[in-house]
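Undergrad: Structure below; questions to follow.
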Amino acid sequence: MVLIELSDVHAGYKGGNVIHGISLSIEEGEVVSLLGRNGVGKTTTLRSIVGVVSPTSGTIEFGGTDISDSAPHETYKQGISLVPEDRGIFPDLTVEENLRVPIVDTDDERSIDEIYGFFSKLEELQDSKGKNLSGGEQQMLAIGRALRQNPRMLLLDEPSEGLAPQIIEDVGTAIESIAQEGMTILIVEQNTKFALDISSRAYIMTDGQIKLDGLTQELREDNDTLEKYLGVHES
Amino acid sequence: MSNKKSNPTIGPVEFSVVDESMQVSIGRLQTNANTLLLGLGLLVLLATPAVFSGYFVGLLVVAFIYGIFAISVDLVWGYAGILSFGHAAFFGLGAYLMGVITTELSLPSIGLLGLVLAFLVPAVVGLVVAGVLFSRGISEEYFTIITLALAIVASQAALILSDVTGGSNGLTEIPPLGVEIPGVMTYIISHNQYYFVVLVALVAVFLIGKRIVQSPFGTTLVGINENETKISSLGYNPIKYKTIVFGLSTGIAGFAGALYAAYSGFISPPLLGFVLSTEVLVWVLVGGRGTLIGPVIGATALYLAENMFSGMFLNTWVLMLGLLLVVIVLVFPAGIIGVFSIIEKKINKYLKDT
């Protein structure tokens, strides 16, 4: 069953549109990545889904509901949780306090203990201030916090950015374990290898448009395509 | 599965979720020295009428009313980051409501109803203005410009609607507050007693304000001010929060206006206008934005300074006052309260050492 569908979405900022006719659809339970070089409109695509920017044309449907013009707190209540690129951790709150911030429906939340179940590291750090966490720990916390409302879909904006290779692997393992529970995930990444490893399907963007999409198994072999659109040199 | 999120919880639940989490970091700000200073200050203020002249006490009454007004501005500007250039429109609205009601219906107790209405009506107006503007996606810069226009419109309206407002002559002979139990007793509050009424009102508004900014609602406002997108993608509706705080603030401003009208007995269109709207911003800034107590100190200090300077420098007092403001802002960027927090730290250190 299709969970989210973008049809010919144009969106951008005051200076003009950044994405020009994005169409994509994601099935429930799929892990999909959106790849492309810096500045091609990946983050803007996420922002238009969440409602930080409104599409100037085109529609976004989520679970059969039109959310094209919904505000961020409305898409959140529909069940879309975004983990932003800067992670958005409250620096002066502890790990546990950060996990208490999101608004949750008490009948349908993931308890803080459940979050600690995914990220045992966070439990050890529960009384540490957000600003004292490493980049990887902050990323785990941001994902954990996004899971609190038990979303229907998780949007991850550059989860590997600025992390050491070993830590990227840990984050990847965590995302995979969330995916195994049946969570629908859309990952925006510049780190192509990382994204291809954890997702089953990928869209590749250039200049605000989707150039192609395919299964990650096939894309991984297709060095020419990766080189052409993403500048990846696979060994 | 598909209608899982169709009944989102709104209202009080949102507040309880953030409850302990955000309060923790603010709770620590309350220190011994802080409480000590406030307590001492309050004692001095209670003794003031017995020591000082009636003239000085009268100045303090107005200063405290302006202090309440300054708190109302600090709630929106200092915490939610919404700059209003037209808050006098609400102060004046409260004052005119009080003036019109008490001069039309000359019952001693009517002033009490006036105080309530002077809170409720400006609060509703503020809610509507903020609700309509913010939900139409107007940015905070434009909102500021619109509040400026609001002050100008309000003072013009007071001039034009002269049947009700007395036009440029204003309203005179507004009776002082009083309490009446028909057939039993009538009690009119004297000017000296009014000092205590206003002091109680100021302390009450301050404590309520403090309560609000330390509550989950208040900390969410600060969060919205710092990063609206971050807060809204955790499920909070920024428009709702900004609208509520604006309405609350305009209500308090109106309440202060009503206290003013009952005290001075005379109100006129400048009370709604641009000049008072900017003056209150200066008080807040000089006192210390986002501290609640700072704006009260700022309003009191500057109002008293204004009176002192106008006696000392007959022709140049406005210039002198302006220079003083420039010096304060340059030397103490955190406002007068910034100086206090340095003293407070010293006292705390002293308390710890002994």
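Undergrad: With the requirement that a residue be farther than 30 Å from residue B:229 by Cβ, among the small types (Gly, Ala, Ser) and not in a loop (DSSP other than H, G, I, E, B), what does segment B:106-141 give you?
TA: B:111, B:114, B:118, listed by residue number.
Undergrad: Another question, then. Against the condition within 14 Å of chain B (Cβ to nearest Cβ), in contact (Cβ under 8 Å) with a residue 60 or more places away in the chain and either in a strand (DSSP E or B) or closer than 25 Å to residue A:179 by Cβ (or both), how does residue A:49 come out, does it pass? It would help to see each step written out before you state the result.
TA: Working: within 14 Å of chain B (Cβ to nearest Cβ): yes; in contact (Cβ under 8 Å) with a residue 60 or more places away in the chain: yes; either in a strand (DSSP E or B) or closer than 25 Å to residue A:179 by Cβ (or both): yes.
Answer is yes for this residue.
Undergrad: Within segment A:120-154, track down each residue that is under 16 Å from residue A:89 (Cα atoms) and not in a helix (DSSP H, G or I).
TA: Result: A:125, A:126, A:127, A:128, A:129, A:133, A:134, A:148.
Undergrad: Is there any pair with a first residue in segment A:1-25 that is touching a residue at least 60 places away in the same chain (Cβ under 8 Å) and a second that is in a strand (DSSP E or B) and among the hydroxyl-bearing types (Ser, Thr, Tyr) whose Cβ atoms are under 6 Å apart and which are 6 or more apart or on different chains, and what are they?
TA: Going by the 6 Å Cβ cut-off, the qualifying pairs are A:3/A:184; A:23/A:7; A:24/A:203.
Undergrad: Condition check: touching a helix residue (DSSP H, G or I) at 6+ places or on another chain (Cβ under 7 Å) and part of a loop (DSSP other than H, G, I, E, B). Does residue B:236 satisfy that? Don't jump to the end; show me each part of the working.
TA: Details: touching a helix residue (DSSP H, G or I) at 6+ places or on another chain (Cβ under 7 Å): yes; part of a loop (DSSP other than H, G, I, E, B): yes.
Judged against the criteria, residue B:236 is a match.
Undergrad: Among the listed residues A:90, A:119, which satisfies the condition of being of a type in the set (Phe, Trp, Tyr) and within 11 Å of chain B (Cβ to nearest Cβ)?
TA: Working: A:119 fails: within 11 Å of chain B (Cβ to nearest Cβ).
Criteria check complete, one pass: A:90.
Undergrad: Which one of these does residue A:113 not meet: (1) under 18 Å from residue A:157 (Cβ atoms); (2) at pLDDT below 95?
TA: So residue A:113 meets the others, but not (1).
Undergrad: Same structure, new question: Please enumerate the residues belonging to segment A:53-111 that are more than 23 Å from residue B:219 (Cα to Cα), in contact with a helix residue (DSSP H, G or I) (Cβ under 8 Å, 6 or more places away or on another chain) and of a type in the set (Ser, Thr, Tyr). Please lay out each step first, then the result.
TA: First, pick out the residues of segment A:53-111 that are more than 23 Å from residue B:219 (Cα to Cα): A:53-70, A:78-80, A:85, A:107-108, A:110.
Next, from what is left, pick out any that are in contact with a helix residue (DSSP H, G or I) (Cβ under 8 Å, 6 or more places away or on another chain): A:53-55, A:60, A:62-63, A:65, A:67, A:70, A:80, A:85, A:110.
Within segment A:53-111, A:54, A:65, A:70 meet the criteria.
Undergrad: Oh, and also: Can you tell me which residue within segment A:69-87, out of those that are closer than 19 Å to residue B:136 by Cβ and either touching an Asp or Glu at 6+ places or on another chain (Cβ under 8 Å) or part of a helix (DSSP H, G or I) (or both), is farthest from the other protein chains (Cβ to nearest Cβ)?
TA: Initial filter on segment A:69-87 (closer than 19 Å to residue B:136 by Cβ): A:69-74.
Checking the rest, the ones that are also either touching an Asp or Glu at 6+ places or on another chain (Cβ under 8 Å) or part of a helix (DSSP H, G or I) (or both) come to A:72-74.
Values: A:72: 4, A:73: 4, A:74: 8 Å.
Restricting to residues being closer than 19 Å to residue B:136 by Cβ and either touching an Asp or Glu at 6+ places or on another chain (Cβ under 8 Å) or part of a helix (DSSP H, G or I) (or both), the top hit is A:74.
Yes/no matrix, rows are residues, columns are (1) under 24 Å from residue B:191 (Cβ atoms); (2) surrounded by fewer than 18 Cβ atoms within 10 Å (Cβ to Cβ):
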| site | (1), (2) |
| --- | --- |
| B:60 | yes, no |
| B:64 | yes, no |
| B:68 | yes, no |
| B:73 | no, no |
| B:81 | no, yes |
| B:99 | yes, no |
| B:104 | yes, yes |
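Undergrad: Where residues in segment B:238-262 are under 25 Å from residue A:99 (Cβ atoms) and surrounded by 21 or more Cβ atoms within 10 Å (Cβ to Cβ), which of them is nearest to the other protein chains (Cβ to nearest Cβ)?
TA: So in segment B:238-262, the residues under 25 Å from residue A:99 (Cβ atoms) come out as B:238, B:240-241.
Restricting the remaining residues to those that are surrounded by 21 or more Cβ atoms within 10 Å (Cβ to Cβ) gives B:238, B:241.
Numbers: B:238: 8, B:241: 10 Å.
Ranking the qualifying residues of segment B:238-262, first place goes to B:238.
Undergrad: Right, next: For residue A:21, state whether it is surrounded by fewer than 23 Cβ atoms within 10 Å (Cβ to Cβ), more than 13 Å from chain B (Cβ to nearest Cβ) and assigned to a strand (DSSP E or B). Reasoning before the result, please.
TA: Details: surrounded by fewer than 23 Cβ atoms within 10 Å (Cβ to Cβ): yes; more than 13 Å from chain B (Cβ to nearest Cβ): yes; assigned to a strand (DSSP E or B): yes.
Yes.
Undergrad: Now a separate question. Exactly one condition in (1) at positive phi; (2) more than 10 Å from chain A (Cβ to nearest Cβ) is false for residue B:202; which is it?
TA: So the condition that residue B:202 fails would be (1).
Undergrad: Return only the number of the condition from (1) crowded, with 22+ Cβ neighbours inside 10 Å; (2) touching a helix residue (DSSP H, G or I) at 6+ places or on another chain (Cβ under 8 Å) that residue A:153 does not satisfy.
TA: (2)
Undergrad: Among the helices (runs of 4 or more DSSP H) lying completely within segment A:156-235, list those that include at least 2 residues that are under 18 Å from the mean Cα position of the chain (by Cα) and either charged (D, E, K, R) or surrounded by fewer than 20 Cβ atoms within 10 Å (Cβ to Cβ) (or both).
TA: Values: elements: A:165-180, A:192-198, A:216-221.
Of the helices (runs of 4 or more DSSP H) lying wholly inside segment A:156-235, those with at least 2 residues that are under 18 Å from the mean Cα position of the chain (by Cα) and either charged (D, E, K, R) or surrounded by fewer than 20 Cβ atoms within 10 Å (Cβ to Cβ) (or both) span A:165-180, A:192-198.
Undergrad: Quick one: is residue B:322 within 24 Å of residue B:69 (Cα to Cα), loosely packed, with under 15 Cβ neighbours inside 10 Å and not aliphatic (A, V, I, L, M)? Steps first, please.
TA: Working: within 24 Å of residue B:69 (Cα to Cα): yes; loosely packed, with under 15 Cβ neighbours inside 10 Å: yes; not aliphatic (A, V, I, L, M): yes.
Taking the combined requirement at face value, the residue satisfies it.
Undergrad: Among the numbered criteria (1) hydroxyl-bearing (Ser, Thr, Tyr); (2) more than 8 Å from chain B (Cβ to nearest Cβ); (3) out of contact with any Asp or Glu (no Cβ under 8 Å at 6 or more places or on another chain), which single criterion is violated by residue A:106?
TA: (2)
Undergrad: Where residues in segment A:52-97 are under 16 Å from the mean Cα position of the chain (by Cα) and acidic (Asp, Glu), which of them is nearest to residue A:130 (Cα to Cα)?
TA: A:86
Undergrad: Then there's this: Report whether or not residue B:229 is closer than 27 Å to residue A:71 by Cβ, at pLDDT below 90, assigned to a helix (DSSP H, G or I) and not small (Gly, Ala, Ser). Explain how you work it out, then say what you get.
TA: On the way: closer than 27 Å to residue A:71 by Cβ: yes; at pLDDT below 90: yes; assigned to a helix (DSSP H, G or I): yes; not small (Gly, Ala, Ser): yes.
Spelling it out, residue B:229 is indeed closer than 27 Å to residue A:71 by Cβ, at pLDDT below 90, assigned to a helix (DSSP H, G or I) and not small (Gly, Ala, Ser).
Undergrad: Out of curiosity, is residue B:151 more than 17 Å from the chain's Cα centre (by Cα), of a type in the set (Gly, Ala, Ser) and assigned to a helix (DSSP H, G or I)? Let's see the steps before the verdict.
TA: Values: more than 17 Å from the chain's Cα centre (by Cα): no; of a type in the set (Gly, Ala, Ser): yes; assigned to a helix (DSSP H, G or I): yes.
No, not satisfied.
Undergrad: Just to be sure, is residue B:41 modelled with pLDDT of 70 or more and farther than 29 Å from residue B:130 by Cβ?
TA: On the way: modelled with pLDDT of 70 or more: yes; farther than 29 Å from residue B:130 by Cβ: yes.
Spelling it out, residue B:41 is indeed modelled with pLDDT of 70 or more and farther than 29 Å from residue B:130 by Cβ.
The values are calculated or read from the model by the stated rules, or taken from the named source; none is laboratory data. Model, not experiment: these values are computed from the prediction. All Cβ positions, even for glycine, are placed from backbone atoms using ideal geometry, and neighbour counts span all protein chains on display.
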